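The structure appears below as C-alpha cells.
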Amino acid sequence: MTNLDDLKTIIRRNKFLGMWAAEKLGLRGRDAEAYSDALAVGTVDPERSDVFSKIRKDFDAAGVLQSDEQILHVMNEFILQARQQMPATGGGSPDGAAVMLARNLTKR
C-alpha cells in the first residue's frame, strides 16, 4: 500500500470509528455525522490526529463505560474493515468515497 492508500484507510477507519463512538455518546443523524467527520478530518490535522485520546476524553466526559482495551479493539476491527474495502488498484487511484471525503473536508 502507498502512503496515500494508508491515509485513505485511516480516514475511512476514523469515519467508522466516529460513527461507533457517536452512537455510544447518544448522537444521531447529523450530529453523529458531524462527530464522525471531525474524527476523519483529525486524521490529516497533526494537532487532532490522536483519535483514541479524543474518544477517551469524550467517553469520560459523557460517562460512557468503555475500557481503553475495548476502544483499541474496535479501532483494530475498523482498520481491518477499512483495508478490506480499499480497492486493489495498486496504482494509487483514489476511490469515490475518498474523493468525496476529501472534497467535504476541504470545504471547511
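The values are calculated or read from the model by the stated rules, or taken from the named source; none is laboratory data. Quick caveat: nothing in here was measured; it's all calculated off a predicted structure. Every residue, glycine as well, gets a Cβ built from its backbone with ideal geometry; the counts of neighbours run over all protein chains shown. The protein model used for the area step is the full one, side chains on, heavy atoms only, and it has no ligands, DNA or RNA in it. Shrake-Rupley method; radii C 1.70, N 1.55, O 1.52, S 1.80 Å.
Side notes on the structure shown:
- Within the stretch 36-81, restricting attention to residues that are part of a loop (DSSP other than H, G, I, E, B) and either touching a Pro at 6+ places or on another chain (Cβ under 8 Å) or open to solvent by less than 30 Å² (accessible area, probe 1.4 Å) (or both), the residue that is modelled with the highest pLDDT is 64.
- Qualifying residues in the stretch 19-35 (those that are small (Gly, Ala, Ser) and in contact (Cβ under 8 Å) with a residue 24 or more places away in the chain) - the one surrounded by the fewest Cβ atoms within 10 Å (Cβ to Cβ): 26
- Residues (of a type in the set (S, T, N, Q), assigned to a helix (DSSP H, G or I) and open to solvent by 20 Å² or more (accessible area, probe 1.4 Å)) located in the stretch 1-18: 3
- Filter result (at pLDDT below 95 and either touching a Cys at 6+ places or on another chain (Cβ under 7 Å) or over 16 Å from residue 52 (Cβ atoms) (or both)) within the stretch 4-32: 4, 5, 6, 7, 8, 9, 12
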